[in-house]
């Protein structure tokens, strides 16, 4: 299991070694690395100094100012924003999807662009969102994307749409999502010093259907990496971009 790959194709190529399958919980794209401001689409286009500025604004939750800065930079650059971002994402997806072993089961993160995935997912990669599979005798359900935030990342959807995908899964043994259930210990990022958005629908489903595991990512430095909710072991599988280590689920 990996999540929050954010451009780490080198380690991704080794992530499934010795496993029956690799499961990826999204966020393949690296738009901006908050630890190393020289990495990602944003600094490639606008330079490290501007990356420093926008990280500072976002970390201070001055999102309106950050959006204004970004708009000004795009205007100065004089290129079509959507086209430039898509070209950069395509370059990353080409490398990242090529690194996936066979078989891989993947769902989207909030910074991913789902419309592009069919072009890069090879025959060994199965993309799932609001769907379930059987693997090794267990039923795994997948829900991708994130909920709407001031960050306005590419694949954010309404609470109602997200809840409908969770509901469509029914009872599963393993709940595989990008974002965590809405529990403070699982949604608080200790480095960013803010709560990320978790899903109440996921939490309700855990209480109602009691899966063995709920596995997710999204929160890079969580207050609690794992906790038990009733019968369910909830685990943040880790910030793969920085650790290069996968989480192994055995049964």
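Could you tell me whether residue 139 is at pLDDT 95 or above, closer than 17 Å to residue 24 by Cα and surrounded by 22 or more Cβ atoms within 10 Å (Cβ to Cβ)? Against the criterion (at pLDDT 95 or above, closer than 17 Å to residue 24 by Cα and surrounded by 22 or more Cβ atoms within 10 Å (Cβ to Cβ)), residue 139 does not qualify.
Scanning the stretch 158-177 for residues that are assigned to a strand (DSSP E or B) and touching a helix residue (DSSP H, G or I) at 6+ places or on another chain (Cβ under 9 Å), we see that the one that is surrounded by the most Cβ atoms within 10 Å (Cβ to Cβ) is 177. Taken over the stretch 228-243, residues that are surrounded by fewer than 20 Cβ atoms within 10 Å (Cβ to Cβ) and over 24 Å from residue 135 (Cα atoms) amount to 2.
With respect to the conditions (1) in contact with a helix residue (DSSP H, G or I) (Cβ under 9 Å, 6 or more places away or on another chain); (2) over 25 Å from residue 115 (Cβ atoms); (3) not in a strand (DSSP E or B), residue 150 falls short on a single one, namely (2).
When 27, 11 are checked against the criterion of being assigned to a loop (DSSP other than H, G, I, E, B), out of contact with any strand residue (DSSP E or B) (no Cβ under 6 Å at 6 or more places or on another chain) and either closer than 19 Å to residue 150 by Cα or at pLDDT 95 or above (or both), a single residue qualifies: 27. Within the stretch 98-117, the residues that satisfy the criterion of being over 17 Å from residue 152 (Cα atoms), in contact with a strand residue (DSSP E or B) (Cβ under 8 Å, 6 or more places away or on another chain) and outside any strand (DSSP E or B) are 100, 101, 102, 103, 107, 117. Apart from one condition, residue 150 fits all of (1) farther than 20 Å from residue 4 by Cβ; (2) modelled with pLDDT under 95; the exception is (1). Here residue 65 clears all of (1) farther than 19 Å from residue 127 by Cα; (2) in contact (Cβ under 8 Å) with a residue 12 or more places away in the chain; (3) part of a helix (DSSP H, G or I) except the condition numbered (2).
Quick one: is residue 57 assigned to a loop (DSSP other than H, G, I, E, B) and touching a helix residue (DSSP H, G or I) at 6+ places or on another chain (Cβ under 6 Å)? Full working, then the answer.
On the way: assigned to a loop (DSSP other than H, G, I, E, B): no; touching a helix residue (DSSP H, G or I) at 6+ places or on another chain (Cβ under 6 Å): yes.
In short, no.
The values are calculated or read from the model by the stated rules, or taken from the named source; none is laboratory data. Being a predicted model, the structure only gives us computed values, none of them experimental. Glycine gets a Cβ as well: all are built from the backbone with ideal geometry, and neighbour counts include every protein chain shown.
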